[in-house]
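To start, the structure itself, in C-alpha cells.
The values are calculated or read from the model by the stated rules, or taken from the named source; none is laboratory data. Since the model is a prediction, treat every value here as computed from it, not as a measurement. Every residue, glycine among them, receives a Cβ derived from its backbone with ideal geometry; neighbour counts consider all protein chains shown.
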Amino acid sequence: MHRILLAAAHLFLVTGPAIAEAPGGEPPLLAPRPSFQACIRPEYPPDALRWGEEGTTTFAFLVPVGDGAPEFRVIRSSGSARLDAGALQIAGKCLAIPEIKADLGPGRWYRQSILWVLQ
C-alpha cells in the first residue's frame, strides 16, 4: 500500500505582498491565509493513485463577491489531469466554508500549490 504525503501549505505560507500576476490581467495573486491552508486536506484521486501519478498542481482562485461561484485556473499543471482536477475540487470545498471565504476577502485572486507524492 502507498503512503500518501501531501504538502499543500509549505510552498506559499505567508500572506502579504503580491507574488505574481493573476490570470487575464486581473489584480496580483496573493498567498492564501492560514485558514485556507489548514482546510487543504487532499485525498489522492483514486485513479491517479492507481496509476502512480505524482506532481505539483499550482492553481489560482478568485474569491467571489456575494453568492457568486469562485473561479479556478490551473497555473502550472502537475502533468496529470486527475491530480489537477483533485486540487481544484479540494479548493472548491474549502471556499464553500463561509468562515474561510470571509477570511480571504471577496474579489481577490489567490495562488496555492498542492504537492502530490506517493511513498
ask   = Across the stretch 89-112, which residue is surrounded by the most Cβ atoms within 10 Å (Cβ to Cβ) among those that are small (Gly, Ala, Ser) and at pLDDT 90 or above?
value = Ala91
remark   = Scanning the stretch 58-78 residue by residue, the ones that are in a loop (DSSP other than H, G, I, E, B) and at pLDDT below 95 total 8
message = What are the pairs with Cβ atoms under 6 angstrom where one residue, in the stretch 66-95, is under 15 Å from Ile40 (Cα atoms) and the other, located anywhere, is crowded, with 18+ Cβ neighbours inside 10 Å and among the polar types (S, T, N, Q)? Sequence gap at least six, or different chains.
response = Leu83/Thr57; Asp84/Thr57; Asp84/Ser78; Ala87/Thr57
query = Which of the residues spanning the stretch 1-57 are at pLDDT below 50, of a type in the set (Val, Ile, Thr) and closer than 20 Å to Ser77 by Cβ?
reply = Ile4, Ile19
ask   = On the given criteria, is Ala81 out of contact with any strand residue (DSSP E or B) (no Cβ under 9 Å at 6 or more places or on another chain) and at pLDDT 90 or above?
value = yes
